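The values are calculated or read from the model by the stated rules, or taken from the named source; none is laboratory data. Computed from a predicted model, the values in this text were never measured in an experiment. So basically every Cβ, Gly included, is an ideal-geometry build from the backbone, and we count neighbours across all protein chains shown. Surface accessibility is based on the protein's heavy atoms, side chains included, excluding ligands, DNA and RNA. Shrake-Rupley method; radii C 1.70, N 1.55, O 1.52, S 1.80 Å.
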Amino acid sequence: MITQRYFIIEPKYSDPDTFCHFIVGSDRVRASIQIYADRCILDEVATALLAPSLKEETARPFFVDYKDDDDLFHFFLTVLPHEGKNRCLRFCIFQGFLDDSAPFRADIRFNLTPEEAEELANDLKAWCANPVYQFVWKED
């Protein structure tokens, strides 16, 4: 069964600290958040997608306790450890500061072939170099 997967970054301003609307989803789930883009982290993720192997989850912020996220509001993108072949891209979206007192947490993962990982990495690196256009990675 082939599912649709997509990752979209919509810049809201064109400045060095780009405020963006991040959207990630598949046929089963969708999550979004509006937050500043950390282009260094996005570039690190792109590099990790191209790495022949990874021993630990890469670009994971060291200060995040994923178990105690009541007051978090953030978007994290990481690449899970792999030994060649397929890669797993992990999207974590935390929204704890909501007016309706209903915090939201999503942990979405895309399993990628080396070819898909290379395409996504190259597109992400290009976007990081010029973050004024909409980034769209979509697979049907």
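Computed extension gain for Phe73 through Val132, at 0.36 nm per residue and net of the alpha carbon distance, reaches 18.9 nm.
Note on surface exposure: Ser26, Ser32, Ser101 rank Ser101, Ser32, Ser26 by accessible area, highest first, 1.4 Å probe. A Förster radius of 35 Å combined with the Cβ-Cβ distance from Asp140 to Ser101 puts the calculated FRET efficiency at roughly 0.40. Looking at region 81-140, which chymotrypsin sites (Phe, Trp or Tyr not before Pro) are DSSP coil and have at most 16 other C-beta atoms within 10 Å of their C-beta? Loop-located and lightly packed - Phe97, Tyr133.
Accessible surface of Val136, taken over heavy atoms with a 1.4 Å probe and every protein chain present, rounds to 80 Å².
For Thr113 and Ser53, FRET efficiency with R0 = 22 Å and r from the beta-carbon atoms, rounded to 0.05? Calculated value: 0.90. The gain in end-to-end length when the Arg30 to Ile8 segment is fully stretched comes to 6.8 nm, 0.36 nm per residue minus the alpha carbon separation.
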